[in-house]
């Protein structure tokens, strides 16, 4: 059976990419250092980290979500492309697809 875009992404996504994504969001003042440390240290499983990360960014609004997707596209353009994340300057976060994809991606980080 051929790999789907989601299984390909699962094989490529690394803990290093997750760390880079967190750092980028701290640099852009989407997250602060305490939030970053909480996400990394208090969550034991990938799924818990993913939920905490996504919930934290979603609470900060559409602009924060756009920044997160933009950084993911920069950090790992291959995975972003495979998963069909919107490209270009107008990422529409209201689309359920983008949020679902982000949850899936982050859940794959170690």
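For residue 85, are the conditions met, namely being modelled with pLDDT of 85 or more and within 13 Å of the chain's Cα centre (by Cα)?
Working: modelled with pLDDT of 85 or more: no; within 13 Å of the chain's Cα centre (by Cα): yes.
Against the criterion (modelled with pLDDT of 85 or more and within 13 Å of the chain's Cα centre (by Cα)), residue 85 does not qualify.
Restricting the search to segment 59-75, which residues are within 15 Å of residue 21 (Cβ to Cβ) and either at pLDDT below 90 or in a helix (DSSP H, G or I) (or both)?
Listed by number, the residues that qualify are 64, 65, 66, 67, 68, 69, 70, 71, 72, 73, 74, 75.
Against the condition more than 26 Å from residue 81 (Cβ to Cβ) and either modelled with pLDDT under 90 or in a helix (DSSP H, G or I) (or both), how does residue 35 come out, does it pass?
yes
The values are calculated or read from the model by the stated rules, or taken from the named source; none is laboratory data. Keep in mind that this is a model prediction, so the values were computed, not measured. Note: ideal-geometry Cβ built from the backbone for every residue, glycine included; neighbour counts use all protein chains shown.
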